[in-house]
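Structure first, commentary second.
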Amino acid sequence: MKNIFKKMREFERIIETYQNSLFSSAFFRLGSFETAQVIVQEVLLNFYETMSGVSMIDNIYVYLIKSINDSCADYKKQSLKIPIADLYDPANKLPDAEKTSCLSEYNRIEEILRSLPEVQAEVLRLKFVDNLNFDEISQVLAESLSTVKSRYRYANIKLIRKNFQSSRL
C-alpha cells in the first residue's frame, strides 16, 4: 500500500511539473485545445501505467515530449476524432480572448513553419516550444546530433532568406 501512495505522489509531482509544457507541445503541433488535452491525458495515463520503469528513464521530460510528439503524429496520420466527452479541459478555463490570442499565435507560427520541410519545422518546435537542447531533440527524433543541428541551421537560413526577400519587396 505504501508503494502505491509513493507512486501516486511521484506521478502528481510529474503532472505538476510537466503538464503545462506537454499541453503547449501538443497544442503547437495540433492547433486544438481539446485534442491537445486528450493527447496529454493519454500520454500521462500510459506513463502512469508503466511508471515502474521510471528509474530506467534518463530524462522524464524528454521521454514525455517524445511520447507527445509520437501521439500527435499518429493523430495527424489517422485523422480520427478522439472522443473528448467527460474529459477535463483546462483550456475551457481560458477567457475567449485568451483562446483567440493562443489560436492566433498558433496560426502565425504554423504559417512560418509551413514554409519549411517538416523535419526542419519539427526541430524548431522542439527547440522553441518544448525548450529542448540539441541532445534532447536528437533523442526525441532518434536522429544524430549532427543531423539535428544541420536541420536547425538550414531552417534558420531559409527563414532568414524568406524574411530578407519579404522585406525587400
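Just so you know, all these numbers are worked out from the coordinates, no wet-lab data involved. As the structure is a prediction and not an experimental result, all values here were calculated from the model. All Cβ positions, even for glycine, are placed from backbone atoms using ideal geometry, and neighbour counts span all protein chains on display.
Dividing the convex hull volume of the Cα atoms of the stretch 115-169 by its residue count, what figure in Å³ per residue is obtained?
Cα-based convex hull of the stretch 115-169, divided per residue, equals 67 Å³.
Would you calculate, for the chain, the mean residue ellipticity at 222 nm contributed by helices, counting each DSSP H stretch of 4 or more residues as -39,500 (n - 2.57) and dividing by all residues, to the nearest 500?
Mean residue ellipticity, 222 nm, calculated: -24500 deg cm²/dmol.
Could you give the size of the charge dipole of the chain about its Cα centre, using +1 on the Cβ of each K and R and -1 on the Cβ of each D and E, expressed in debye and rounded to the nearest 20?
With only Lys, Arg, Asp and Glu charged at Cβ, the dipole is about 640 debye.
When Cα extents along the principal axes in Å is calculated directly from the model, which label among (1) 56, 38, 24; (2) 56, 45, 24; (3) 68, 41, 27 fits?
Label of the calculated value: (3).
Over the chain, what relative contact order in percent results from Cα pairs under 8 Å that are six or more residues apart?
Reported as a whole number, the value is 24 percent.
Specify the inter-centroid distance of the stretch 22-44 and the stretch 129-168, based on alpha-carbon positions, in whole Å.
Spelled out, the Cα-based centre of one part sits 22 Å from the other.
For each of Ser104, Ser67, count neighbouring Cβ atoms within 10 Å of the residue's Cβ, then give the residues from fewest to most.
Starting with the residue having the fewest Cβ neighbours, the order is Ser104, Ser67.
Tell me, which longest segment in the chain has none of the trypsin sites (Lys or Arg not before Pro) that fall in DSSP loops with at most 11 further Cβ atoms within 10 Å?
Result, exposed sites excluded: 1-80.
Please compute the modelled spin-label separation between Ile157 and Asp70, points set 7 Å along Cα→Cβ, answer in nm with one decimal.
Using points 7 Å along Cα→Cβ, the separation is 3.2 nm.
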